[in-house]
Every structure is written in structure tokens, then in C-alpha cells.
């Protein structure tokens with residue numbers, strides 16, 4: 001037997017073909033199959049799910065009864081109907097070397113807990129909106145993820161919803177398959193064909209919505225990690241959308257949402273000038289180009305202060321100014337009184353690690 005120069009495959013030679021031809025050729029074929037299957041490892045872009053390893057949580061790490069269509073772990077959304085249910089989404093931490101797949105040391109996973117069943121629901125899901133309904137159109141895709149249930153065997157339905165956006169064609173839903181969870185970590189995958197968009201009208205904010213749909217009106221707790229959506233009929237080794245770069249994955253998340261704050265008591269967000277005794281315009285340079293000019297702002301415990309030294313004044317409201325771009329956003333910060341027109345001010349979190357400002361360009 002000889003070995004190949006690059007992958008060290010066991011290659012049959014003349015003598016082995018005479019003795020063990022079928023066995024040796026099968027061994028070579030298995031080695032080639034393994035190598036080809038691993039070709040995608042580290043490949044940026046094969047996984048269309050951003051933050052599939054649940055590593056980025058800009059909005060927080062615990063969400064108690066989030067309203068429907070809320071974003072939780074970055075790029076993931078929870079949506080539901082019905083009444084009376086109690087839901088909690090939390091970031092959980094893997095014990096080192098205990099992540100569910102060898103060779104990829106995941107740090108965090110997402111836990112979904114419904115402790116009060118509620119009633120009248122027809123859907124309850126965790127999903128990700130992949131920008132542009134053209135994504136995977138007319139192709140076969142495989143969606144995979146690791147999961148485990150706290151108890152029982154809940155069945156998740158995996159759906160791909162083609163959302164044609166405002167002014168576009170009606171949504172098209174394709175159920176790709178189901179996953180019956182156990183109480184141990186396991187990888188689940190489903191494969192299906194995404195319909196063509198031939199003859200469809202694509203409107204604004206179109207997307208492909210990959211959904212993990214949970215049983216409705218039942219008490220359940222389950223964990224999810226390593227979500228991947230890729231072209232083809234097989235679940236290849238997990239990789240983040242950026243190919244394994246933490247900075248690139250964060251930038252991909254910040255295309256849709258950016259937040260400053262939450263780490264130090266006086267974290268700087270931006271600076272600008274006083275417009276009147278109650279209003280100052282603050283410019284915030286963004287680390288990544290956002291999908292569109294942000295359409296929403298959320299904030300807590302902010303203040304302004306003359307640049308350098310001066311009175312710290314609490315901010316009562318913040319709004320996005322029309323003079324903004326996808327790279328540089330101007331916000332109007334309002335206070336009760338005491339500002340000086342033309343004075344340079346800085347905007348920062350007001351002596352609190354819970355202070356923040358966030359800008360959204362989500363779909």
C-alpha cells in the first residue's frame with residue numbers, strides 16, 4: 001500500500017489489488033468521501049445562518065416573556081400567538097470540552113423554556129430571517145442543528161418561509177421535516193427543496209425565514225446550538241457564516257443591529273453639539289455598515305455632558321435624526337433643561353453598566 005501526497009489516503013498498489021482489491025478500493029473511497037465531506041469546514045459563506053453558534057448576544061442574555069417578533073440572541077427572533085404562556089430565553093454556557101460536537105468548542109447555547117403552556121396558539125417558533133428571498137430559491141438545502149430537551153420528546157418542525165416583502169407576492173411555506181428531540185445533545189438535519197421564485201414579485205425587505213417551530217400550548221424546555229442552513233443534501237461540519245472569524249461574525253450581526261453600553265459605567269456612544277437648552281444632536285460612528293439607515297433606536301440610562309468637564313445631565317428621550325447614513329447615525333437626545341446651544345457634548349451611559357443605546361436595521 002502507498003499513501004497519497006496531500007491527504008495520506010491509503011492507495012492500493014499492484015500486489016494489494018490482487019489480494020484485497022475490493023477492500024482496499026473501498027478504504028480509498030471512504031477516505032476520499034471523508035475528505036470531500038470536510039471540504040466545507042472553515043468555508044465562509046456556506047452557512048447562511050448568522051451567529052449560528054449563539055456566541056453574540058448584544059441585546060442581553062435573558063429575555064422574560066419577550067413580545068412576539070422580538071429579537072433575542074443576535075439575528076434570532078421569537079414569534080408566537082395565543083395567550084397566557086410564560087416564556088424565557090436565556091444564554092447558557094457550555095462546560096469547557098462539553099460542547100456537543102468534537103472539534104468545535106462552542107461557548108454558549110440558547111435555552112427556550114415555556115413554564116406555563118398558554119392556550120389558543122397555532123405557532124410558536126425560533127427563527128432567523130435570511131436577507132433576500134432569492135437565497136436558496138430553486139435549490140435543495142439542508143438545515144441542521146444540535147438540540148436536547150429537558151424532558152420528554154418534543155417534536156420541532158423545520159420550515160422555510162419565503163417572504164416576498166412589502167408589495168411582493170404572497171408568502172410560500174415549505175416544511176422541510178421534523179426533529180424529535182431526546183434528553184441528550186444530538187445533531188438533527190432535514191433536507192428539502194426551496195421553490196423557485198419564477199413569476200413572483202419581490203417587494204421590500206424580502207427574506208427567507210428559517211423556522212424551528214415548537215409544539216404549541218405545552219410546557220417544555222429545550223436547548224439549541226449550531227444552527228446551519230446550506231446548499232445540498234447533506235449536513236456538512238458546522239461552521240459560522242463568516243468561516244470562524246469572531247470579528248467578522250460580529251460585523252455580520254451589526255449589519256442589522258448595533259449596541260453600545262452594558263459593560264462600563266460611563267461608556268461613550270458619540271458626540272455632537274447642543275441645538276437648544278433641551279436638545280443636542282449626537283453623531284454615532286458605526287463599526288459596520290448597516291443594512292439600511294437604522295429605523296429604530298432603543299436605549300436606557302443615558303446622559304450628556306459638555307466635552308471635557310461639566311454638568312452631567314440625564315437624557316429623557318432619544319430619536320434618530322433624518323440626517324443619518326448607514327455608517328454614521330445622528331440621534332437627537334433630549335434633556336429637561338440646562339444645555340447650551342453650540343456647546344460640544346458627549347453621549348454616554350450614566351454611571352450604570354445597564355445603560356445602553358442600540359440601533360436597528362433589522363428586516
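A compact table of results
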| quantity | calculated |
| --- | --- |
| Subset tally (residues that are without any contact (Cβ under 8 Å) to a residue 24 or more places away in the chain, exposed (fewer than 12 other Cβ atoms within 10 Å of the Cβ) and touching a strand residue (DSSP E or B) at 6+ places or on another chain (Cβ under 8 Å)) for the range 304-318 | 1 |
| Output for the range 310-334, where each listed residue is over 13 Å from residue 280 (Cα atoms) and in a strand (DSSP E or B) | 328, 329 |
| Looking only at the range 244-269, and only at residues there that are at positive phi and in contact with a strand residue (DSSP E or B) (Cβ under 8 Å, 6 or more places away or on another chain), the one that is surrounded by the most Cβ atoms within 10 Å (Cβ to Cβ) | 261 |
| Filtered residue count, the range 320-342, keeping only those that are within 11 Å of residue 279 (Cα to Cα) and surrounded by 12 or more Cβ atoms within 10 Å (Cβ to Cβ) | 8 |
| Residue pairs meeting the criteria (Cβ under 6 Å; at least 6 apart or on separate chains; first within 18 Å of residue 234 (Cα to Cα) and outside the structural domain of residue 236 (by TED's automatic domain parsing), in the range 183-197; second part of a loop (DSSP other than H, G, I, E, B) and at pLDDT 95 or above) | none |
| Test for residue 61: is it modelled with pLDDT of 95 or more, surrounded by 18 or more Cβ atoms within 10 Å (Cβ to Cβ), more than 30 Å from residue 233 (Cα to Cα) and under 22 Å from the mean Cα position of the chain (by Cα) | no |
| Complete set of residues in the range 83-100 that are surrounded by fewer than 15 Cβ atoms within 10 Å (Cβ to Cβ) and more than 19 Å from the chain's Cα centre (by Cα) | 83, 84, 86, 95, 96, 97, 98 |
| Any hit, the range 30-53, residues being touching a strand residue (DSSP E or B) at 6+ places or on another chain (Cβ under 7 Å), modelled with pLDDT under 85 and either assigned to a helix (DSSP H, G or I) or on the phi > 0 side of the Ramachandran plot (or both) | yes |
| Residue 175 vs. criteria assigned by TED's automatic domain parsing to the domain that holds residue 211 and without any contact (Cβ under 8 Å) to a residue 24 or more places away in the chain | yes |
| Filtered residue count, the range 319-341, keeping only those that are modelled with pLDDT of 95 or more and touching a strand residue (DSSP E or B) at 6+ places or on another chain (Cβ under 6 Å) | 16 |
| Filtered residues of the range 229-272 (kept if under 16 Å from residue 142 (Cβ atoms) and either in a strand (DSSP E or B) or in contact with a helix residue (DSSP H, G or I) (Cβ under 9 Å, 6 or more places away or on another chain) (or both)) | 229, 230, 231, 234, 236, 237, 241 |
| Selected residue (only one of 116, 143 is surrounded by fewer than 16 Cβ atoms within 10 Å (Cβ to Cβ), under 23 Å from residue 92 (Cβ atoms) and in contact with a strand residue (DSSP E or B) (Cβ under 7 Å, 6 or more places away or on another chain)) | 116 |
| Top-ranked residue of the range 150-163 - restricted to ones that are touching a strand residue (DSSP E or B) at 6+ places or on another chain (Cβ under 6 Å) and surrounded by fewer than 18 Cβ atoms within 10 Å (Cβ to Cβ), ranked as farthest from residue 122 (Cα to Cα) | 150 |
| Any hit, the range 98-106, residues being in a strand (DSSP E or B) and under 26 Å from residue 236 (Cα atoms) | no |
| Matching residues in the range 214-232 - criterion: being surrounded by fewer than 20 Cβ atoms within 10 Å (Cβ to Cβ) and within 21 Å of the chain's Cα centre (by Cα) | 221, 231 |
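The values are calculated or read from the model by the stated rules, or taken from the named source; none is laboratory data. All values reported here derive from a predicted model rather than from experimental measurement. Every residue, glycine as well, gets a Cβ built from its backbone with ideal geometry; the counts of neighbours run over all protein chains shown.
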